[in-house]
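Here the structure is laid out as structure tokens; the discussion comes afterwards.
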Amino acid sequence: NNGTHDGIMKFQVLPKCYFEKLSGHINFSTFYVDNTTPQRRVITGFLTGANTSNSNCGNPFFIERYALAVTYLSVKYPRFDNASSVELTDEISDEIISDEISQMILNEPLCQFVACSSGHITALDWANRTFLGTIATELALLTELRRLDFAYNQLRGTVPTELGILSNLEELYLYFNQINGTIPSELGSLSNLEKLDLTFNKIQGTIPTNFGMLPSLISLLLESNQLSGAIPAEVGNMSKLERLWLLGNKLNGPIPTELGTLSNLETIWFDNNQLNGAIPTQLGNLSNLQGLWLSDNQLNGYIPTNFGTLSNLKYIRLDHNKLKGRIPKDLGNLYNLQELLLNDNKLSGNVPTNFGTLSKLQNLQLDENNLTGNIDNIFCDQVEQKSTIRVDSEKVVCSCCVASGTPTISPSPTTTSSPTREACPKVPEGRCAVCGEGKCVRNHGAEVEIPGTFVGKVSCGVGENFGLEGILTPKQCAGLTSLPNAMAICDCG
């Protein structure tokens, strides 16, 4: 049934081969009842659109083209408006759907956002397309898919469990959407998966323990969701893992000691959770570690002394925890260290004198502890090389330091013109360099203007400025809405 016109009922005849090829993927008992489903719309588009080889069910890739079209309509057009429950697809005519399928999906060559190899669909790069719908289960019919990028949309619904059968999938990017539900444990079957990024969604539940069975995984990025429970010890089985970003969730329990076996690990980012217990000394085995972010948790105990052997470490953030004891003087051996944040803990004793040899250190924050000593002769002759040193001025003698409670970012001197934009230095993937006035460049070419007159380093979160010196991540950069009195430019890789 294809509607009525002047009282005459019109019907479409479905080719027999459509039944034969799609019987396992379409519920034909309801197929004729609801003409707004993506499946029904795709079939209608196949039958009424341009006569292409892709819509011919004799095409060996017919199932993949059908799955591609259903996926496209599902992510682009939400079936229901949240406020009114009106079926939005009722307002979109069959002619429009048919034309879109013909132009974007069916014609050869396929559109620039779809990659093929020997006729099979191998990549979908549909990031930053303002899609509002959901991810269709038919996506799992693209059995040769290697890359799936739906980032920077407004997709809703859940991650389909069926994605777990995409055995060739290497990259899965769903960050910056409105996806909810839980992380399907079925994703733990993707033995070829190298990069998984689900950051900035509304995903709940726990991290699947069988993720430890992902032998190829290099990046596990689950930042800024609503995940809870403990970090699975099984993560320690991901022998190729380089980036583990779990910040901004509700994770609790201790940091697994098993992480100390991940010899390729470069960044650990666990800020803003509810982790407790001691920092495992096993992390001191991670010779390739460049960044360790454990801020804003409930960690206690001592700072491991063997961290002083991690010669590649550039960033250590242990602030806003419950750490006690002395600052290990071994940290003075970290000649590549650029940032050390230990503020807001229960540390005591003198500031290690050998910190003065850390020539690359740009941000040292020691305030809100019980530290004592005189570090005036340690740092103040090098103050031009130190962007920020924060201490408790009533306990630590330092004429060039910033006193506790003083804002880190201060207004720039009065100038008759805005600072010139400097050449942005090459920075590692996942980092941002501050280069004066400019734009925050995020993935896919989108830009966010950053106003202000301050030239220096900043750290910000999504939609707000925390006013701390440090590093911007690509995800934080992309979420910027305003950054008063500061400016930065991000290299997001």
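Observations
- Three-way shape call for the range 175-250 based on the alpha-carbon gyration tensor, with the a/c threshold at 1.5: prolate
- Summarising the label geometry, the points placed 7 Å from Cα in the beta-carbon direction at THR309 and LYS324 lie 2.7 nm from one another.
- Counting only heavy atoms of the protein chains and using a 1.4 Å probe, ASP296 has close to 60 Å² of accessible surface.
- Above-threshold pairs, the threshold being 20 Å between Cα atoms, out of LYS314/LYS346; LYS240/LYS322; LYS250/LYS324; LYS195/LYS360; LYS314/LYS360; LYS314/LYS395: LYS314/LYS346; LYS240/LYS322; LYS250/LYS324; LYS195/LYS360; LYS314/LYS395
- Surface analysis of the range 181-323 yields an accessible area of 33 Å² per residue, using protein heavy atoms and a 1.4 Å probe.
- With Cα atoms defining each centre, the range 209-227 and the range 142-207 are spaced 10 Å apart in the structure.
- Residues within the reach of a label modelled at ILE165 (point 7 angstrom out along Cα to beta-carbon, backbone nitrogen below 13 Å), restricted to the range 118-142, are 137-142.
- For the range 137-180, the per residue solvent-accessible surface stands at 32 Å², with DNA, RNA and ligands left out and a 1.4 Å probe.
The values are calculated or read from the model by the stated rules, or taken from the named source; none is laboratory data. Since we're looking at a predicted model, the values are computed, not measured. In this analysis, Cβ positions are derived from the backbone assuming ideal geometry, glycine residues included, and neighbour counts consider all displayed protein chains. Surface accessibility is based on the protein's heavy atoms, side chains included, excluding ligands, DNA and RNA. Shrake-Rupley method; radii C 1.70, N 1.55, O 1.52, S 1.80 Å.
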